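The values are calculated or read from the model by the stated rules, or taken from the named source; none is laboratory data. It should be emphasised that the depicted structure is a prediction, and the values quoted were computed from it without experimental measurement. Using ideal geometry, Cβ is built from the backbone for each residue, glycine included, and neighbour counts are taken over all protein chains shown. These area figures cover heavy atoms from the full protein model, side chains too; ligands, DNA and RNA do not enter into them. Shrake-Rupley method; radii C 1.70, N 1.55, O 1.52, S 1.80 Å.
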Amino acid sequence: MSGTAEAAPLISVENLEKAYLGRLSIADRLTGRTHTVVQAVNGVSFDIKRGEILGLIGESGCGKSTLGRSILRLQEPTAGRVTFDGQDVTALSPSEMKAMRRRMQIIFQDPYASLNPRRTVAEIVGLPLQLHGLAKTASEARDLVAEIVAKVGLKTAHMDRYPHQFSGGQRQRIGIARALVSHPEFIVCDEPVSALDVSIQAQIIQLLMDLRREMGLTYLFISHDISVIGYLSDRVAVMYLGEIVELGTVDAVLSNPRHPYTQSLMSAVPEVDNPGQRQRVRLTGDLPSPLSPPSGCKFHPRCPLATDVCRTSVPKPESVGANHTAACHRLAENLSLLETEPA
Amino acid sequence: MNIENQQNLLQVEGLRTVFETRAGTVCAVDGVNVTVRRGECLGVVGESGSGKSVTFGSVMGLIRSPGRIDAGRILFDGKDLRELDARQMRAIRGRDIAMTMQDALTALNPALTVGEQLAEVMEAHDGDLPTGRSARKRAIRERSAEMLGLVGIPSPDTRLRQYPHEFSGGMRQRIMIAIALASRPRLLIADEPTTALDVTIQAQVLELISDIRAKLGMSVVLITHDLGVVSEYCDRVMVMYAGQIVEQGATADVVCRPKHPYTKGLLGSLPRLSLRGQAINPIEGQVPELINLPKQCRFYSRCRERAPECLQVIGMQDAGNGQFARCIRVKGEDIK
Amino acid sequence: MTAVMREGEAVANTAAAEESIFRRNLHSFAENRLALGSAIVVLLFVLMAIFAPLIAPHDPAETDLFRRLQPPAWMPGGEWSYLLGCDALGRDILSRIIYGARISIFIGAAVVMVATTIGIMAGLAAGYFRGWVDVLISRVVDILLGFPYLIFAIGLMAMMGPGLINIILALVYKEWVIPCRVVRGETLVTRELEYVEAARALGASGKHIMLREILPNILSPVIVVSTIRMAHVIILEASLSFLGLGVQPPTASWGAMVADGRAFILQAWWVSTFPGVAILLLVLAINVASQGLRDAFDPRFHE
């Protein structure tokens, strides 16, 4: 771990922003109304080292998927910079970007929506080879596809079947094969196991871990499931309403969570071990609408520790230990929700 | 025996529900026995295709062609629901037994306000409403606001006039619970009430259900795939696999001392914070197709402990303390 | 309720996995007796059009003034070799109906095919690129939808003059709008699906995504709509012919035949009635068959 810490990061994200403009009707334009802005990702920065797994956790609507897609420029970021292996991805021309796509890939959440229902497995998995001219002949392409299909644990005899002939777990394997066939270095895993049954989830997690070791992959692993993230990541980033509120090694963040949101998130997970013995932080209210985010610290309307400062000023990320930062005004007081509220 | 029956609010015996498909008859629920005692919370765990939703869909009389209930008795408070006609069934459904669906957005009527949907249930099922028109209306409005308050929705009076799409996912789930509870049912069947929700909201909704259970003294069946949820909120649990119950018992026993290899496998394949760095042990293979199943243990092909003796019909075995498992390795008497 | 059914379906679906979606759809279409019967009627009309010279008992243009307004065979004065009687110029009505099917079906098919091709291209572009492309195409569509169809076609025919090609052009000018709107809507939905995003993530071009990823998946509803529209086009062609703006005599056309008989409707009802019945039968058969097709192929109508 210490050796890789000094190496240059494979991925470096600096102040990345993605805003969506609301639609304006003609009436809006005539009355001079301005666009409503949804700041889905708001000034996010982090690095991922080669071979590392960074877990990104957050609830739905917090912007974690948008962040993953902005890094790959599947959605154009509105500000900030993404550097991949020393190259500024955000400044690449369309043709350079196309070449870059071979090296960075994505695995999707929904194994049903992410495969074209009218294509066979061989066509789906072979598409990257075709697009990037990675195979000289059709038979070479088929061999490469067969190799990766076998590697993800599918039968090569099933290569000419259509997606609807497979179960959810098998489809997810097809999606993984498609992402890996061009031998990329970096993969965004966007909730790859959330749509799967528990026993299948474990199979896919195991597969992703094995493939990482064999192919030397780097993952940005997006999930809402803190158990999954905690199980497989090296470092964790906790996201709330477009911002990273806490970032650090898994051990630091999960055994000593410093942001009240991380603390409440951890206490909300029902666990098989020691049910009922954990303290529970009850959050009130729902995730606020990103259309009208709260002022100051975005967590303040739900935060049991919120004070006047939190309502007005935005907290900056501060170091709270080795490789561990959090953004909260009340860090210095060293409060913990987990301790203050008895069970 | 009689006293035991008195305690049981719902008793399902030998339920078999099948779906006719072109490929053959799919036996989604095969010989399931369920008992739900008064006031308890029963967890039902299983993966998709295990038959957990179909079992309770059958109880609610929601199975439609190409599906049908092939065999079994469904006793609710001593009455066999299968012998009731459609009108009597409607009266029970919604009044005595209520069900909440996984997907609150599609389960609520988008064209009616929340208040109208609550009023509909009360009109249909509440006998103690006053008879005068305006008094009735006022009573319904007051009670609706009270229900929304009960499920933790702030400013219920204004919220009653809003449509489902104006609420967030967690709020919609609560509204569905409010509608389910509007008739003060004796049994609430909650089908994956939190699967579509975030963890912080999930905790709120589950705690809400538990609070109301304590307050109204109703029984709850919590259908879920999440063993963590079961161990925190349920008194007893039954684990289903491929249309059968494979294990049941008190939650603490089943979760801490699982007897069936499938339950063990499920627990072993949960990625847990406490297991960081250790390899997880996924259950290999897939759920079998439910057509023309051979007469043997259904988990056989995926089981780590399989033996030649497993290739026969296996009944539930008593593991003591009210824990039962469908596995030959459980020492105890065969209870058919 | 939906969840319960969904679980049952999931079970059923894995069981039927070996069967392709297309064959399953075809199967459910075949189970719909009425639709199947209608499809056979349509097929018979098509065969009749193709093999007209072999089937028709007489030359459709051959006049015989001695048989002027001769009644159908079963009426006094009728002849079995002139089954449906003759028109004012003594031409065999049955033969003219058989030949007229060629015009109706050819124009119907040609218009729908050309219009669907244009509609697919415009709709894909509008739905995929959105922005100003979409605004431009959608405005044109809105404007065209604002004109009454028949009056629009009459105006165009008046400008271009009659003729087979001109009829097709006059109808295509507006007809493409229908598939265009369907394709645009479907494209807007499909372009957001993850497999389309996956193709973009792999570096696929816009052309590849539109033609290879999106188009095959939206074709079913487009084909269904196009068959329904074919019935409309046949009626429109008949209307134009009725007004004298269609194919010119002596070529047989059902609409023109109905118009020809108007003057004698009291003495010789058969001159107008039989071609009218032919239009009714074909249009009805296409409508019923295409609704069966819609039920079978468009999953949104599966209940």
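Express as a percent, rounded to the nearest 5, the fraction of DSSP beta bridges in the protein assembly as shown (both residues included) that run antiparallel.
Bridges in the protein assembly as shown that DSSP calls antiparallel: roughly 65 percent.
Indicate, rounded to the nearest 5 percent, the antiparallel portion of the DSSP beta bridges found entirely in chain B.
Percent antiparallel among DSSP bridges in chain B is about 65.
Taking the Cα atoms only, what angle lies between the long axis of helix B:169-181 and the longest principal axis of chain B, rounded to 10 degrees?
Once rounded, one gets 80 degrees.
Kindly compute the accessible surface that chains C and A hide from a 1.4 Å probe when together, both sides summed, and give it to the nearest 100 Å².
Chain pair C/A: roughly 2200 Å² of buried accessible area.
Please check: in the Gaussian network model of chain B (C-alpha springs, under 10 Å), which one of B:104, B:190, B:71 has the largest mean-square fluctuation.
Largest GNM mean-square fluctuation: B:71.
Leaving out ligands, DNA and RNA but keeping every protein chain, what accessible area does residue B:128 have, in Å² rounded to the nearest 10, with a 1.4 Å probe?
Approximately 110 Å² for this residue.
In what order, largest first, do C:245, B:160 sit by accessible area if the probe radius is 1.4 Å? List each step's numbers first, then the result.
Numbers: C:245 40, B:160 15 Å².
Descending accessible area places them as C:245, B:160.
For residue B:37, list long-range residues whose amide hydrogen, built 1.01 Å from N in the peptide plane, is under 5 Å from its own amide hydrogen.
B:9
Starting from the Cα gyration tensor of chain A, take the square roots of the eigenvalues, sort them a ≥ b ≥ c, and report rounded, prolate or oblate (rounded when a/c is under 1.5, otherwise prolate if a/b is larger than b/c, else oblate). Let's see the in-between values first.
Working: a/c = 1.82, a/b = 1.45, b/c = 1.26.
Prolate is the answer for chain A, as a/c is 1.5 or above and a/b outweighs b/c.
Which lysines have a Cα lying under 18 Å from the Cα of residue A:98, excluding residues fewer than 8 positions away in the same chain?
C:207
Quick one: accessible surface of residue A:266, probe radius 1.4 Å, all protein chains present, in square angstrom to the nearest 10.
Only protein atoms counted, so the area is about 40 Å².
Measuring from centroid to centroid over Cα atoms, what is the spacing of the stretch C:104-171 and the stretch A:201-275 in Å?
55 Å
Once you have all Cα-Cα distances for chain B, histogram them in 20 Å bins from zero and send the whole-percent values.
Over chain B, the share of Cα pairs per 20 Å bin runs 29, 56, 15, 1 percent.
Which order do you get for B:295, B:79 if you rank them by accessible area with a 1.4 Å probe, largest at the top?
Descending order: B:295, B:79.
Over the stretch C:183-303, give the accessible area per residue in Å² for a 1.4 Å probe, as an integer. Numbers along the way, then the final one.
On the way: 5130 Å² over 121 residues.
Ligands and nucleic acids excluded, the figure is 42 Å² per residue.
How much net charge surrounds residue C:288 when only the other residues with a Cβ under 14 Å from the Cβ of residue C:288 are counted, with Lys and Arg +1 and Asp and Glu -1? Could you put the intermediate results ahead of the total?
Details: positive: C:33, C:294; negative: C:295.
With Lys, Arg at +1 and Asp, Glu at -1, the net is +1.
Return P(r) of the protein assembly as shown (all Cα-Cα pairs; 20 Å bins starting at 0; whole %; ordered from short to long distances).
For the protein assembly as shown, the pair-distance distribution reads 11, 35, 34, 15, 4, 0.
Order the following by accessible area, largest value first: A:98, C:207, C:174. Probe radius 1.4 Å; ligands, DNA and RNA are ignored.
Numbers: A:98 80, C:207 145, C:174 20 Å².
From most exposed to least exposed: C:207, A:98, C:174.
What quantity of accessible surface, computed with a 1.4 Å probe and excluding non-protein components, is buried in total between chains A and B, in Å² to the nearest 100? If you can, show how the numbers build up before the last one.
Working: alone 17000 and 17000 Å², together 30460 Å².
Buried surface at the A/B interface: approximately 3500 Å².
Using only the Cα atoms of the stretch C:102-256, construct the convex hull and provide its projected area averaged over every direction, in square nanometres to one decimal.
Result: a mean projected hull area of 9.3 nm².
Please compute the average number of Cβ atoms from other chains found within 10 Å of each residue's Cβ in peptide B:199-208.
For this peptide, the per-residue mean of nearby foreign Cβ atoms is 6.
Give me the base-10 log of I(q)/I(0) for chain C at each q in 0.15 Å⁻¹, Debye formula, one uniform scatterer per Cα, rounded to two decimals.
The calculated log intensity ratios at q = 0.15 Å⁻¹ are -1.17.
Mind checking which of B:129, B:105, B:266 has the largest fluctuation in a GNM of chain B, springs on alpha carbons under 10 Å?
Checking each option, the largest mean-square fluctuation is seen for B:129.
List the residues, sorted by chain then number, that are 5 or more residues from residue B:71 or on another chain and whose placed amide H is less than 5 Å from its amide H.
B:16
Under a GNM of chain A (C-alpha, springs under 10 Å), which listed residue has the highest mean-square fluctuation: A:72, A:283, A:265?
A:283
For a quick check of understanding: with a 1.4 angstrom probe and all protein chains in place, what accessible area in square angstrom does residue B:264 have, to the nearest ten?
80 Å²
Give me the angle, in degrees from 0 to 90, between the Cα long axis of helix B:199-216 and the longest principal axis of the Cα atoms of chain B, rounded to the nearest 10.
The angle comes out near 70 degrees.
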